[in-house]
Amino acid sequence: VANNRPGAERSGIDGRQMSDAILKHLADVIDSRKGGDTAESYVARLFALGEDAILKKIGEEATEAVLAAKDGERERIVSETADLWFHCMVMLSHYGLRPENVLDELSRRAGTSGIEEKALRKALARGL
């Protein structure tokens with residue numbers, strides 16, 4: 001994947017490192033908003049409103065991403081997906097999790113058939 005971010009070609013940072021750094025930085029900023037001034041920070045306001053508000057926002061953003069995809073508007077798909085990911089990161093922070101936890105899970109699943117993965121999860125849920 002090419003990294004088209006300004007200065008990336010000069011810094012020696014590849015796209016994966018840049019993406020990881022962006023996610024880590026954003027997660028750090030989100031974490032820092034816990035207990036913050038709700039008049040100054042949207043994220044602090046979401047944390048103050050609690051779990052239901054955070055989860056409702058994810059539902060709204062997921063719907064907007066789906067509608068953008070149905071319309072086939074590439075820029076809007078990217079924008080709405082960014083909103084969805086951001087609010088998912090707020091949820092992760094609310095539960096004491098980080099993007100790295102999700103990336104670790106995706107890495108664990110890499111190379112595994114989706115059908116096999118789903119069957120394994122069902123079997124584990126049944127206690128087999």
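The values are calculated or read from the model by the stated rules, or taken from the named source; none is laboratory data. This one's a predicted model, so the numbers in the text were calculated from it and none came from an experiment. Cβ atoms come from the backbone with ideal geometry, glycine included; neighbour counts cover every protein chain shown. In case anyone asks, the SASA skips ligands and DNA or RNA and just uses the protein heavy atoms, side chains included. Shrake-Rupley method; radii C 1.70, N 1.55, O 1.52, S 1.80 Å.
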Can you pull out the residues in the range 97-122 that are closer than 30 Å to residue 34 by Cβ and open to solvent by 60 Å² or more (accessible area, probe 1.4 Å)? 97, 100, 101, 102, 103, 104, 105, 106, 107, 108, 109
For the list (1) more than 11 Å from residue 91 (Cβ to Cβ); (2) surrounded by fewer than 13 Cβ atoms within 10 Å (Cβ to Cβ), I need the number of the one condition that residue 51 fails. (1)
Show the residue pairs meeting these rules: Cβ distance below 9 Å; 6+ apart or different chains; first residue within the range 36-56 and in a loop (DSSP other than H, G, I, E, B); second residue at pLDDT 95 or above and loosely packed, with under 15 Cβ neighbours inside 10 Å. 38/49
Answer yes if at least one residue in the range 8-25 is part of a loop (DSSP other than H, G, I, E, B), loosely packed, with under 11 Cβ neighbours inside 10 Å and modelled with pLDDT of 80 or more, and no otherwise. no
Residue 125 meets each of (1) free of Cβ contacts under 8 Å to residues at least 60 places away in the same chain; (2) loosely packed, with under 15 Cβ neighbours inside 10 Å; (3) under 18 Å from residue 19 (Cα atoms) with one exception, condition (3)
Only one of 75, 80, 60, 40 that is surrounded by 15 or more Cβ atoms within 10 Å (Cβ to Cβ) and over 15 Å from residue 23 (Cβ atoms): 80
